[in-house]
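For reference, the structure discussed in these notes is given below.
The values are calculated or read from the model by the stated rules, or taken from the named source; none is laboratory data. This is a predicted model, so every value here is computed, not measured. We place every Cβ from the backbone using ideal geometry, glycine too, and count neighbours over all the protein chains shown.
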Amino acid sequence: MFVPSYVKAEGNMQRESTRGFARKLRKESTSAEIRLWGYLRKRSLSGFRFVRQATIGPFIVDFLCRERRLVIEVDGVTHGDAADVRYDELRTAFLTSRGYAVYRVGNIDVYENISGVLDGILWALQERPAVFQSLTAERTPSPLRGPPPAKRGGG
């Protein structure tokens, strides 16, 4: 399929602008995100690695555990009106179609019930299969691979 170069360039510009916006969001995180990040960073939650403000397709998610394909979203008061709820539904549909699960927590819960939030996240992580499990599982030898070739004598 032919794709004009300006379309390719525009897609690349979109990807670059999304990454740049993600960097900006990391610098301007909400206080609830900063508080939760303090509990998730450096594999602090049962050894699971999280990144913050990660890009997935055209979207930026608050926190992501790639190993379990789990997205954590911290929702504040801006997620209350009908248009925002609809946008969140479409975004969640996109993420789940790509194999991600979305776990939403409210700002108020992060402030007033952080242990409950962390327990919920840990439960969600344990419910998800490890994406990279095959890399750590015991490997079986390939039936196509035989013994190494014999060295030839040079005389």
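Structure summary
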{"read-out": "Unmet criterion (only one of (1) more than 21 Å from the chain's Cα centre (by Cα); (2) at pLDDT 85 or above; (3) β-branched (Val, Ile, Thr); (4) not in a helix (DSSP H, G or I)) for Thr140", "value": "(2)"}
{"read-out": "Of all residues making up region 96-107, the number that are within 23 Å of Leu118 (Cα to Cα) and either among the polar types (S, T, N, Q) or in contact with a Gly (Cβ under 8 Å, 6 or more places away or on another chain) (or both)", "value": "5"}
{"read-out": "Residue match in region 117-129 (condition: assigned to a helix (DSSP H, G or I), touching a helix residue (DSSP H, G or I) at 6+ places or on another chain (Cβ under 7 Å) and either under 29 Å from Glu28 (Cβ atoms) or modelled with pLDDT under 95 (or both))", "value": "yes"}
{"read-out": "Residues of region 61-101 satisfying the condition of being of a type in the set (A, V, I, L, M), modelled with pLDDT of 90 or more and surrounded by fewer than 19 Cβ atoms within 10 Å (Cβ to Cβ)", "value": "Leu90, Ala93, Ala101"}
